[in-house]
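Just so it is clear, none of the values below were taken in a lab; they were calculated from the coordinates. Everything numeric here is computed off the predicted structure, so don't read it as measured data. Don't worry about glycine lacking a Cβ; one is built from the backbone with ideal geometry, like all the others, and counts go over all protein chains shown.
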Amino acid sequence: MVVHSDSRGKGIGKQLLSEAEYWAMNQGAISTSLNSGNRSEREAAHLFYQRFEFTPKSTGFIKIIV
């Protein structure tokens with residue numbers, strides 16, 4: 001999920017998260033999760049997710065072998 005930079009700060013991301021959570025609950029889910037890169041340019045997104053009670057939990061790894 002990405003909100004275009006020109007549209008940020010207008011409640012669109014909040015509405016998307018809310019609708020996704022509502023849908024998940026109606027499907028019987030007891031939790032939701034999301035992935036977001038560990039790059040410095042993602043810090044604002046991480047703070048956004050934390051404002052909506054997402055807890056940072058893991059670090060992913062990748063190895064390019066070519």
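Under the simplified labelling scheme, the residue 58-residue 7 pair shows an inter-label distance of 2.9 nm, with each label point 7 Å from Cα along Cα→Cβ.
Within the chain, report the chymotrypsin sites (Phe, Trp or Tyr not before Pro) that DSSP leaves as loop and that have at most 14 other Cβ atoms within 10 Å.
Details: sites: 22, 23, 48, 49, 52, 54, 61; in loops: 52, 54, 61.
Loop-located and lightly packed - 52, 61.
A straight chain from residue 15 to residue 65 at 0.36 nm per residue would run longer than the Cα-Cα distance by 14.1 nm.
Evaluate Rg over Rh across the chain, taking Cα atoms for both radii and Kirkwood's formula for Rh. Numbers along the way, then the final one.
Values: Rg = 14.0 Å, Rh = 13.8 Å.
Radius of gyration over Kirkwood radius for the chain works out to 1.02.
Looking at the chain, the trypsin sites (Lys or Arg not before Pro) that sit in a DSSP loop and have at most 16 other Cβ atoms within 10 Å of their own Cβ are 8, 10, 39, 57, 63.
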